[in-house]
Amino acid sequence: MHRRKFVFLFLVIFMFSCTKDEDNHPPVADFTYEFQSMIYTLISNSTDKESDVLTYDWYCSADSIDIINSDKKTAYFSIPSLDEPLEVTISLVVSDGEYSDSVSRTIVIPATSLLELWGLGKSLQEEKSNNTNYEWYMDQMGTGSCSSVNCGPTSATMAIKWFSETFDKTPEDARNTYYLDCGWWYTNNIIDYLDKYTVNNKTISITTTDVLINELDNDNIMILCLDMYYIRKQEADEMHVDKFYSAENTGWGHFIVIKGYKKVDDITFFEVYDPCCFGKLYSNNTLKGKDRYYRDEDINLATNNWWDYAIVISHTAFKSSDGVDVRKIEHKNGG
């Protein structure tokens, strides 16, 4: 009798063990990837019959590659500037809390120039940048209670900082000079504020965008007041070309600073400091409003439809007869 009980108990344990082994279904790791607009998107299609809840860990064999959302089902990375193709191994480890599985794939990242990464093109033909050796970009975010409409005060402050490294006023100081009720600044307010701090400036008519290039070639920068509706929207988050925020309707008056240009594949892009950044970052943690590139045809259209002039700032004094008479032109606002 005892022998029969022992045999029965052994069979029950054996059957339970077999059933448990059959019911254990460790996750199976798998993923696909897509390459578009200089970004690799990694998509897990891992499976687990026991649970819909999986954790994800993405890894790359190259230190130069930073995987964003490395703990999510879908992750991505932007490719670095490369003189030669780079072979990397991308690995994914998935776990259901008890069991895990991993898979690795080799990806050959193509050689890519910085121009291509930024969306400008391949062949650089001409360029000019009137940068300084110190920081002068400013984001209108955090510039006081009127920050949402402080593109004018911020652009004017940036221009004065470019003119004089020792200038220590802020966009909030500029705002406190005109329109304390958060009204939009006008182009004449910009001019008055530059004059307040004895900054060399003149205002020119934008007959063609060639006049802007001419001023940049003469080592000057400019403030434009334009309708951002006419600046096309970016195609990809990591590119530096076109606007990175929404301006879906006409009448989107805005101030920007133009400080250079690049001619690439027969297209001219103006190098811009756009204050309407509000902390938006590329994956490398640099601000998107800094060193942005807007196409000359878009700049031409955006100024034609708003304020077809440019306020030029120079380290060299202008003659009183240079530029247009700002007392006799219509001024426009931006916010």
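Looking across the stretch 192-243, just one residue is exposed (fewer than 13 other Cβ atoms within 10 Å of the Cβ), in contact (Cβ under 8 Å) with a residue 24 or more places away in the chain and among the β-branched types (V, I, T), and that is T208. The residues in the stretch 62-99 that are over 25 Å from L281 (Cα atoms), touching a strand residue (DSSP E or B) at 6+ places or on another chain (Cβ under 7 Å) and either among the hydroxyl-bearing types (S, T, Y) or assigned by TED's automatic domain parsing to the domain that holds S283 (or both) can be counted, and the count is 3. Of all residue pairs spaced 6 or more apart or on separate chains, none has beta-carbon atoms under 7 Å together with a first member in the stretch 157-172 that is modelled with pLDDT under 95 and a second member that is crowded, with 18+ Cβ neighbours inside 10 Å. When you scan the stretch 132-153, do you find a residue that is surrounded by fewer than 16 Cβ atoms within 10 Å (Cβ to Cβ), of a type in the set (D, E, K, R) and either closer than 24 Å to E330 by Cα or out of contact with any helix residue (DSSP H, G or I) (no Cβ under 8 Å at 6 or more places or on another chain) (or both), even just one? Yes, because at least one residue in the stretch 132-153 is surrounded by fewer than 16 Cβ atoms within 10 Å (Cβ to Cβ), of a type in the set (D, E, K, R) and either closer than 24 Å to E330 by Cα or out of contact with any helix residue (DSSP H, G or I) (no Cβ under 8 Å at 6 or more places or on another chain) (or both). Scanning the stretch 29-38 for residues that are more than 25 Å from the chain's Cα centre (by Cα) and assigned to a loop (DSSP other than H, G, I, E, B) returns A29, D30.
The listed residues are D325, D308, D298, and the only one of them that is free of Cβ contacts under 8 Å to residues at least 40 places away in the same chain, acidic (D, E) and more than 10 Å from N201 (Cα to Cα) turns out to be D325. Scanning the stretch 48-99 for residues that are within 15 Å of P27 (Cα to Cα), out of contact with any Ser or Thr (no Cβ under 8 Å at 6 or more places or on another chain) and loosely packed, with under 14 Cβ neighbours inside 10 Å yields K49, S51, D52, V53, E98.
One residue stands out among those in the stretch 201-247 that are aliphatic (A, V, I, L, M) and in a helix (DSSP H, G or I): the one that is farthest from F278 (Cα to Cα), which is V211.
The values are calculated or read from the model by the stated rules, or taken from the named source; none is laboratory data. Note that the structure is predicted; figures quoted are calculated from it, not measured. All Cβ positions, even for glycine, are placed from backbone atoms using ideal geometry, and neighbour counts span all protein chains on display.
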